[in-house]
Amino acid sequence: MFDAGKSQADVVRELEVSRQSASRWHAEWTKGGTPALRGAGRAGRLPRLSEHDLTRVERELVKGPLANGYPTELWTLARVGEVIERVTGVSYHPGHVWRILTRLGWSRQRPARRALERDDAAIEHWAKVEWARVKKTPDGERPGSSSKTRAASASSPR
């Protein structure tokens, strides 16, 4: 844009960036031309696990916790961290293990807490029949009210 004669203000408006950024870019362009404006590349630390490592980790996770030597069929961040370390030799904090799982497309899931002895048919029967029988309800003859005054006046003749 600077090569085309655009001002810093034009760059700010068209690219919707701050004046400071446009000014910095203009100074770099003035010193080194268009090549000086090339990006520095990826910011931050490089990942410690390659795509190949992630594939190996996921392959182990898909086998399940029992196949990986755990006593229950439940993945925890600590367990996943142990699998990552065993497979790749790289150790991660559980908070970062969650980021890796998200990157792999895994989501947080909790098993439903239900007793093994649960009888859904008996529960449904109790809710429909027994609960309806024992539930306190106002008389069916008149509308219910939480006001003692109203209830008393509704039952007295006018």
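The values are calculated or read from the model by the stated rules, or taken from the named source; none is laboratory data. In this text, all values refer to a predicted model and were calculated from it rather than measured experimentally. FYI the Cβ positions are ideal-geometry reconstructions off the backbone, even for glycines, and counts take in every protein chain you see.
General remarks:
- Matching residues in the range 22-52 - criterion: being touching a helix residue (DSSP H, G or I) at 6+ places or on another chain (Cβ under 8 Å) and either more than 20 Å from GLY105 (Cα to Cα) or modelled with pLDDT of 95 or more (or both): ALA22, SER23, TRP25, HIS26, GLU28, TRP29, ALA36, LEU37
- With respect to (1) surrounded by 14 or more Cβ atoms within 10 Å (Cβ to Cβ); (2) more than 19 Å from ARG48 (Cβ to Cβ); (3) under 18 Å from the mean Cα position of the chain (by Cα), the lone exception for ASN68 is condition (3).
- Hey, THR30 out of contact with any Gly (no Cβ under 6 Å at 6 or more places or on another chain), of a type outside the set (A, V, I, L, M, F, W, C) and over 30 Å from ARG113 (Cα atoms) or not: yes
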